[in-house]
């Protein structure tokens with residue numbers, strides 16, 4: 001390839017990249033989920049419930065986009081029904097926005113979800129530093145079964161009615 005053609009390819013690629021950034025083309029996800037059933041999700045989870053997001057508090061502000069971890073946030077739910085590991089009417093997740101990896105899930109205030117949560121391991125806890133998490137904190141995975149409640153009909157058929165939290 002001649003120098004002129006090579007330069008044209010580089011300039012074209014740079015132009016496409018700049019256009020994609022300006023238009024807001026979402027990044028490709030590095031996560032591929034293996035499909036498994038509700039019973040498996042229930043078995044893997046430490047807490048399973050349905051609830052409405054009443055608050056999303058972002059821990060990372062503008063200018064911190066270059067962090068090595070995805071944006072971190074705290075999600076507070078008003079629990080509607082519970083199937084495993086939830087005692088009260090409120091449940092708090094410490095999670096990530098899932099823009100690149102399988103960690104976390106992007107939650108919207110006012111929306112209802114079925115949540116399959118797991119206890120955060122040391123790795124997830126370290127990813128929240130310098131913020132101190134409670135002794136027992138929970139997170140979710142994009143591949144763990146969590147989804148909008150409106151898309152959870154089959155899950156609810158398997159799980160049954162559940163309990164109303166006390």
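The values are calculated or read from the model by the stated rules, or taken from the named source; none is laboratory data. Worth saying up front: this structure is predicted, and the values here are computed from it rather than measured. Here the Cβ positions follow ideal geometry from the backbone for every residue, glycine too, while neighbour counts run over all protein chains shown.
General observations
- Residue tally, condition modelled with pLDDT under 90 and surrounded by 20 or more Cβ atoms within 10 Å (Cβ to Cβ), over the range 99-111: 3
- Residue count for the range 87-111 satisfying the condition of being touching a residue at least 60 places away in the same chain (Cβ under 8 Å) and either over 14 Å from the mean Cα position of the chain (by Cα) or farther than 20 Å from residue 48 by Cα (or both): 6.
- Residue in the range 125-133 that is in contact with a helix residue (DSSP H, G or I) (Cβ under 8 Å, 6 or more places away or on another chain), on the phi < 0 side of the Ramachandran plot, at pLDDT below 95 and surrounded by 10 or more Cβ atoms within 10 Å (Cβ to Cβ) present: yes
- Flag for residue 116 being touching a residue at least 60 places away in the same chain (Cβ under 8 Å) and surrounded by 14 or more Cβ atoms within 10 Å (Cβ to Cβ): yes
- Search result, residues across the range 55-82 that are modelled with pLDDT of 95 or more and over 16 Å from the mean Cα position of the chain (by Cα): 78, 79, 80, 81, 82
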